[in-house]
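Take a look at the structure set out below.
The values are calculated or read from the model by the stated rules, or taken from the named source; none is laboratory data. Just so you know, these numbers come straight off a predicted model, no measurement behind them. Backbone-built Cβ (ideal geometry, glycine too); neighbour counts: all protein chains shown.
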């Protein structure tokens, strides 16, 4: 005789984990590239027009290039780790270290510069915009490449 208090056993439906298919839109890709160019060009035009010695201009330009390379390296190493691509701890750590150092070098340079506060803010904001945009461009590039590789399979 069946027990009236038992609940019938039902099969559980297993949800399949959807694959990553959120390809960045053309608008977001364009906005990222535009932000990168606006930030970099603004920073460089500001340097060109600044009343500074050439060695000071070179310092700030080098910091911009150093920072851009550093954040792209951080984004790449973080993404590689998420995708299971081996990244050594030393490279991962150095990437973060040089990113932080590039920001600190800009802050120290601007803190000690004989510039108006508005000029310091301009350089800080255009630098920040450039770094953020470089991360977005690198992310978009990786996303598009990843999705294109998935579609080819």
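Considering only residues that are exposed (fewer than 15 other Cβ atoms within 10 Å of the Cβ), touching a residue at least 40 places away in the same chain (Cβ under 8 Å) and outside any helix (DSSP H, G or I), which ones fall in segment 19-45? Once the filter is applied, which keeps residues that are exposed (fewer than 15 other Cβ atoms within 10 Å of the Cβ), touching a residue at least 40 places away in the same chain (Cβ under 8 Å) and outside any helix (DSSP H, G or I), segment 19-45 yields 19, 20, 21, 22. Quick one: is residue 99 buried (at least 16 other Cβ atoms within 10 Å of the Cβ) and without any contact (Cβ under 8 Å) to a residue 12 or more places away in the chain? When the stated conditions are applied, residue 99 does not pass them. For segment 132-145, give me each residue that is touching a residue at least 24 places away in the same chain (Cβ under 8 Å) and surrounded by fewer than 14 Cβ atoms within 10 Å (Cβ to Cβ). The one that is touching a residue at least 24 places away in the same chain (Cβ under 8 Å) and surrounded by fewer than 14 Cβ atoms within 10 Å (Cβ to Cβ): 144. Suppose we keep only residues that are modelled with pLDDT of 95 or more and surrounded by 15 or more Cβ atoms within 10 Å (Cβ to Cβ) within segment 102-118. Which one would you say is nearest to residue 70 (Cα to Cα)? So the residue we want is 102.
Here residue 92 does not fit the description of being surrounded by 14 or more Cβ atoms within 10 Å (Cβ to Cβ), within 22 Å of the chain's Cα centre (by Cα) and over 30 Å from residue 23 (Cβ atoms). Looking only at segment 80-98, decide whether some residue is under 28 Å from residue 51 (Cβ atoms) and touching a helix residue (DSSP H, G or I) at 6+ places or on another chain (Cβ under 9 Å). No, because not a single residue in segment 80-98 is under 28 Å from residue 51 (Cβ atoms) and touching a helix residue (DSSP H, G or I) at 6+ places or on another chain (Cβ under 9 Å).
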